[in-house]
Amino acid sequence: MWKFFRKKKKNADMPETYVVPGHIAIIMDGNGRWAKKRGLSRSYGHRAGGETLRKIVYAARDLGVQYLTVYAFSTENWKRPQEEVNKIMEIFMDFFNRYQDEFSKIKCRVRFMGREEGIPADVMETIRKIEKVTETGDQIQLNVAFNYGGRQEILDAVTKMMAQENRPPLIDETYFKQFLYLPDVPEPDLVIRSSGEMRTSNFLMWESAYSEFWVSDILWPDFTGEDLKQAVLDYNNRHRRYGGL
Ligand code: FPP
């Protein structure tokens, strides 16, 4: 999504006008390394990562971003030691409980995207609660990719599509896309990955086909609104051609 946005006071260091990536997706990587560097437990890093996410929601909103999608927990993350998985679940529930009223107040709508199957009932309940509480939010939408895998999303979409009685004989992109987890959300314009890894790790496989990528060496808990601004400025120098000239 493209639009020009007049700067707000908070964005005084941004150009007078800039193109806002309407949808930014983030792979929040590096919590474990951040904690290790400080001699802290990995779960401390995840907790710090949650606080960073809260700040980035504000920074994104102030820049004029309409959708922020974050990779919170992948379908592969269950392979981590049970103790870490349990801690991460606890941190998610704390986060959603603690910030549901705040997000509602700032009109940030929170939505879940992923495979519900396999998520502990109490975690799912917390997610559904924050979705309900923030339902009318229209300043920014935070999509939380949780128990999410890009390939799994495509397979789930195929399964849903195959169950349709009146399926057209030829499947085109427009028909297929409606079976993805959040079909009404536009594709991400910019995908950011923190902590230097140059891979997509099964994130938004379908949706990010033409997204711009921006990788930062900064570990996620250290990521700030200034880094987000830098990503947006770099995005402004990209020439998106979608395969054309
Ligand atoms: C990657 O860091 C991060 C995760 C697997 C979990 C992400 C969770 C958060 C940022 C917590 C807050 C999120 C919400 C929605 C409350 P890593 O453990 O892979 O770090 P490493 O690569 O340094 O080991």
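Numbers for the structure displayed
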read-out: Residue match in segment 90-102 (condition: more than 14 Å from the ligand (Cβ to nearest atom) and out of contact with any strand residue (DSSP E or B) (no Cβ under 6 Å at 6 or more places or on another chain)); value: yes
read-out: Test: residue in segment 205-219 that is acidic (Asp, Glu), within 16 Å of the ligand (Cβ to nearest atom) and surrounded by fewer than 13 Cβ atoms within 10 Å (Cβ to Cβ); value: yes
read-out: Of all residues in segment 27-48 being assigned to a loop (DSSP other than H, G, I, E, B) and buried (at least 18 other Cβ atoms within 10 Å of the Cβ), the one that is nearest to the chain's Cα centre (by Cα); value: MET28
read-out: Residue list for segment 60-89, restricted to those being assigned to a strand (DSSP E or B), under 14 Å from SER201 (Cβ atoms) and not polar (S, T, N, Q); value: VAL70, TYR71, ALA72, PHE73
read-out: Qualifying residue in segment 55-65 (condition: within 8 Å of the ligand (Cβ to nearest atom), touching a Phe, Trp or Tyr at 6+ places or on another chain (Cβ under 9 Å) and closer than 17 Å to PHE103 by Cβ); value: no
read-out: Segment 125-173 - residue that is of a type in the set (Asp, Glu) and exposed (fewer than 15 other Cβ atoms within 10 Å of the Cβ) and, of those, farthest from the ligand (Cβ to nearest atom); value: GLU165
read-out: Number of the exception - ILE106 against (1) of a type in the set (A, V, I, L, M); (2) crowded, with 16+ Cβ neighbours inside 10 Å; (3) more than 16 Å from the chain's Cα centre (by Cα); (4) more than 11 Å from the ligand (Cβ to nearest atom); value: (2)
read-out: Where a residue in segment 107-130 is at positive phi and its partner, wherever it lies, is at pLDDT 95 or above and part of a strand (DSSP E or B), with Cβ under 6 Å and at least six apart; value: GLY114/ALA145; GLY114/PHE146; GLY114/ASN147; GLY114/TYR148; GLY118/ASN147
read-out: Unmet requirement for ILE56, which otherwise passes all of (1) surrounded by fewer than 20 Cβ atoms within 10 Å (Cβ to Cβ); (2) part of a helix (DSSP H, G or I); value: (1)
read-out: Any hit, segment 96-108, residues being under 21 Å from HIS23 (Cβ atoms), of a type in the set (Lys, Arg) and part of a loop (DSSP other than H, G, I, E, B); value: yes
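The values are calculated or read from the model by the stated rules, or taken from the named source; none is laboratory data. Predicted model, so just to flag it, every value in this text is computed and none were measured. Positions of Cβ are backbone-derived with ideal geometry, glycine not excepted, and every protein chain shown enters the neighbour counts.
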